[in-house]
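Asker: Pasting in a structure now, in structure tokens, and then I'll have a few things to ask.
The values are calculated or read from the model by the stated rules, or taken from the named source; none is laboratory data. Just so it is clear, the structure is predicted and the values come from calculations on it, not from any experiment. For neighbour counting, all protein chains shown are included, and Cβ atoms are generated from backbone atoms with ideal geometry for every residue, glycine included.
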Amino acid sequence: MIIISIQGKIEGKIYCSTCKVKTNHGYILKYEETSNDFPEADFQFADSYYITKCLGCDTVAFFREYGDEDMVYLGEFETDKYVYPEEPVVEVPTVNYKYDIQYFKNAPDTILELYKQVVSCYELRHYLLAAVGLRMIIEGFCNDTSISDGYILDKSGNKKLDQDKKEMRKDNLEGRINGMEEAKLITPINAGILQQIRHLGNATVHELEVPKKSTVKKALNIIEDLIRTVYEYKEIKIND
């Protein structure tokens with residue numbers, strides 16, 4: 001019987017092909033090359049090779065660890081580790097985030113381009129950028145329909161009045177959304193929903209608040225309905 005003595009211990013756990021998990025290992029033999037062995041080397045490195053032995057099942061394997069002066073991540077020094085036999089790669093099932101994009105014939109190119117880019121951000125799970133894009137689409141609606149201002153509401157949902165009891169108007173996005181309702185382009189319910197999307201975009205831009213996937217999807221569906229209402233339905237002819 002051959003007795004294999006352990007010369008030292010590997011720092012951290014490494015994969016064992018017999019145990020099928022990462023375990024503690026000792027090493028039987030070690031060989032190391034460093035920058036000190038190569039006077040011509042212009043940077044610091046260490047390349048270590050080990051014949052290892054699992055401290056659980058006694059399986060003998062091979063381990064290599066490499067590090068150099070450039071391998072500092074977030075302020076900490078790290079090394080590359082290689083184990084033979086290698087740890088099997090576990091395939092993680094991919095999640096399909098493909099969105100059922102809608103196609104519109106009569107919407108302006110600017111609106112369509114913004115819509116496509118928001119969908120792309122959604123599919124890439126860039127929900128923060130998608131929320132900003134949704135707000136931009138609403139601004140695009142206002143620009144295309146020449147809505148420059150509109151009334152604003154107080155916390156009770158009533159139109160704000162100035163000191164002379166005259167209706168207060170603003171040219172910001174809040175006012176312009178209500179201006180679209182005044183022009184009968186959208187309903188008061190539509191206006192209220194668009195104000196929610198505006199708030200979503202504001203929270204994203206100013207507070208870097210990342211919205212949920214479900215929130216962005218609902219907002220996308222609402223924007224699609226608005227495109228149909230403003231641009232598509234008016235071109236439909238039942239008798240054609």
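Asker: Could you grab the pairs with beta carbons closer than 8 Å, sequence gap of 6+ or different chains, first residue in the range 21-35 and part of a helix (DSSP H, G or I), second one hydrophobic (A, V, I, L, M, F, W, C)?
Answerer: Here the result reads 35/41; 35/43; 35/45; 35/46, each pair linking the range 21-35 to a residue that is hydrophobic (A, V, I, L, M, F, W, C).
Asker: Go through (1) surrounded by 14 or more Cβ atoms within 10 Å (Cβ to Cβ); (2) assigned to a helix (DSSP H, G or I); (3) of a type outside the set (Ser, Thr, Tyr) and name the single condition residue 116 misses.
Answerer: Every condition holds for residue 116 apart from (1).
Asker: Collect the residues in the range 37-60 that are closer than 19 Å to residue 24 by Cβ, of a type outside the set (Asp, Glu) and in a loop (DSSP other than H, G, I, E, B), keeping them in residue-number order.
Answerer: Residues satisfying the conditions are 55, 56, 57, 59.
Asker: Condition test on residue 187, is it of a type in the set (S, T, N, Q), loosely packed, with under 15 Cβ neighbours inside 10 Å, closer than 20 Å to residue 113 by Cα and touching a helix residue (DSSP H, G or I) at 6+ places or on another chain (Cβ under 9 Å)? Before the answer, list the steps.
Answerer: Working: of a type in the set (S, T, N, Q): yes; loosely packed, with under 15 Cβ neighbours inside 10 Å: yes; closer than 20 Å to residue 113 by Cα: no; touching a helix residue (DSSP H, G or I) at 6+ places or on another chain (Cβ under 9 Å): yes.
When the stated conditions are applied, residue 187 does not pass them.
Asker: Right, something else. With a cut-off of at least 3 residues that are modelled with pLDDT of 90 or more and under 21 Å from the mean Cα position of the chain (by Cα), name the helices (runs of 4 or more DSSP H) lying wholly within the range 123-240.
Answerer: 127-144, 213-227
Asker: When you go through (1) aliphatic (A, V, I, L, M); (2) within 23 Å of residue 106 (Cβ to Cβ); (3) free of Cβ contacts under 8 Å to residues at least 60 places away in the same chain one by one for residue 124, which number turns out not to apply?
Answerer: So the condition that residue 124 fails would be (2).
Asker: Let me ask you something else. Could you say which residue among 83, 95 is at pLDDT below 90 and farther than 21 Å from residue 197 by Cβ?
Answerer: 95
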